[in-house]
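Notes for the one structure printed next.
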Amino acid sequence: MKRDSSGPGNGASLSGRSEEPMFWGTSPAMESIRKTLDKIAPTEATVLITGENGTGKDVLAREIHARSLRSGKPMVAVDAGAITETLFESELFGHVKGAFTDAHTDHVGKFEQADGGTLFLDEIGNIPLHLQAKLLRAIQSRSIVRVGGTESRPVNIRLICATNMDLEALVREGRFREDLYYRINTVHIALPPLRERKEDIVPLAQMFMERFALKYHRPLTGLAPEAAAALKECRWSGNIRELQNCIEKAVILSEGNDLTEKDMQLEHASRPSGTTVKAISEADEERMVRDAMERASGNISSAAKMLGVSRPTLYAKLKKYGL
């Protein structure tokens, strides 16, 4: 099983494979976002997506790209919070052979990889202040200079950024550049937490149940009425991601044709998403961890997000099960 390393490529992916579809639901907030997306997707507008962890910011970014005029080109996703400061410039802008000790060949950065397509910078609020100026320069000029090089290389990208942080507050505190904030905030989309779109909880759960019943070969046909009612009472602090993890675990543990409240163990559902892979057998936990790593192509940051746990927690699970 391939893991991500500290070298170039950590925290980034190309969206060439099948991805989770956008679920719009029926809430007024999501209908408003859908109308906004209809207007902006075909344009070149830079988009800032904000929202709590687990609300689907990456899924919305992929939807914008898929409905844009750049859909035939790659969307390159970068988890800015997963890139170490020392590798930041090399990851985003690339480097030339000999630029530093381990630079044995030229390396194409994420800006160049996204040329003609979309660059998605997730967790942009985590970028240190002293590196924000370098990012701003590349965004403004739409050009980069590889580390160790001198040639300015033009890049034709559409930029989408996402964060769970309050960037306006960070600007006031001097932790995020005001000029960068306005540069990435041409169009702002704020995704609502799941607790503010309760009418979508049961349809989402049904969709996840059908998906995982097929995956795990379970003969499930629906949600028991008491289970559906209980789902709507939970706070879902981890939002859609927590609900998805809850339903996946329930499908694995299910025994009948209907998914029950007992299957879902909803006493855990109002807690933060870090409790997701607890309270199940070690065999089931190992299977969930292994599957998440495979779906994430070995990228620990992505797999941790799927499981609703932190990177250190996932590292511990991988060591525990020898993965």
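Here GLN265 fulfils each of the conditions (1) crowded, with 17+ Cβ neighbours inside 10 Å; (2) under 19 Å from VAL289 (Cβ atoms) apart from (1).
The rows are residues; the columns are (1) free of Cβ contacts under 8 Å to residues at least 24 places away in the same chain; (2) over 23 Å from VAL187 (Cα atoms); (3) assigned to a helix (DSSP H, G or I); (4) touching a strand residue (DSSP E or B) at 6+ places or on another chain (Cβ under 7 Å).
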{"residue": "PHE120", "(1), (2), (3), (4)": "no, no, no, yes"}
{"residue": "GLY125", "(1), (2), (3), (4)": "no, no, yes, yes"}
{"residue": "ILE139", "(1), (2), (3), (4)": "no, no, yes, yes"}
{"residue": "ASN156", "(1), (2), (3), (4)": "no, no, no, no"}
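Residues in the stretch 85-97 include at least one that is surrounded by 16 or more Cβ atoms within 10 Å (Cβ to Cβ) and charged (D, E, K, R).
Scanning the stretch 207-222 for residues that are farther than 23 Å from VAL59 by Cα and open to solvent by 60 Å² or more (accessible area, probe 1.4 Å) yields HIS217, ARG218, PRO219, THR221.
For the stretch 141-154, name all the residues that are within 18 Å of THR186 (Cα to Cα) and part of a loop (DSSP other than H, G, I, E, B). Lay out the reasoning, then the answer.
We begin by selecting, within the stretch 141-154, every residue within 18 Å of THR186 (Cα to Cα); these are 141-142.
Answer for the stretch 141-154, where residues must be within 18 Å of THR186 (Cα to Cα) and part of a loop (DSSP other than H, G, I, E, B): just ARG142.
Among the residues of the stretch 300-323, those identified as closer than 15 Å to GLU285 by Cβ and either small (Gly, Ala, Ser) or open to solvent by 60 Å² or more (accessible area, probe 1.4 Å) (or both) are ALA303, ALA304, GLY308, TYR315, ALA316, LYS319, LYS320, GLY322.
If you check VAL202, VAL171, which single one turns out to be of a type in the set (A, V, I, L, M), open to solvent by less than 70 Å² (accessible area, probe 1.4 Å) and over 30 Å from GLU261 (Cα atoms)? Only one candidate qualifies: VAL171. When restricted to residues that are modelled with pLDDT under 95, surrounded by fewer than 16 Cβ atoms within 10 Å (Cβ to Cβ) and under 25 Å from ALA41 (Cβ atoms), the stretch 143-166 contains 1. Taking residues in the stretch 249-261 that are touching a residue at least 24 places away in the same chain (Cβ under 8 Å), and partners anywhere that are aromatic (Phe, Trp, Tyr), the pairs with Cβ atoms closer than 7 Å and at least 6 places apart or on different chains are VAL251/PHE212; VAL251/TYR216; ILE252/TYR216.
Restricting attention to the stretch 66-82 and to residues that are in contact (Cβ under 8 Å) with a residue 24 or more places away in the chain, part of a loop (DSSP other than H, G, I, E, B) and touching a helix residue (DSSP H, G or I) at 6+ places or on another chain (Cβ under 8 Å), the residue that is surrounded by the most Cβ atoms within 10 Å (Cβ to Cβ) turns out to be PRO74.
The set of residues in the stretch 234-270 being part of a helix (DSSP H, G or I) and out of contact with any helix residue (DSSP H, G or I) (no Cβ under 8 Å at 6 or more places or on another chain) consists of LYS262, GLU267.
For the stretch 223-248, filtering for residues that are of a type outside the set (Asp, Glu) and open to solvent by 10 Å² or more (accessible area, probe 1.4 Å) leaves 13.
State which residue is surrounded by the fewest Cβ atoms within 10 Å (Cβ to Cβ) when the search covers only the stretch 27-52 and only residues that are among the β-branched types (Val, Ile, Thr) and assigned to a loop (DSSP other than H, G, I, E, B).
That would be THR43.
The values are calculated or read from the model by the stated rules, or taken from the named source; none is laboratory data. These numbers come from a predicted model, not from an experiment. Glycine also receives a Cβ, built like all others from the backbone with ideal geometry; neighbour counts cover every protein chain displayed. For the accessible areas, the whole protein counts, side chains as well, though only heavy atoms, and no ligand, DNA or RNA atoms are used. Shrake-Rupley method; radii C 1.70, N 1.55, O 1.52, S 1.80 Å.
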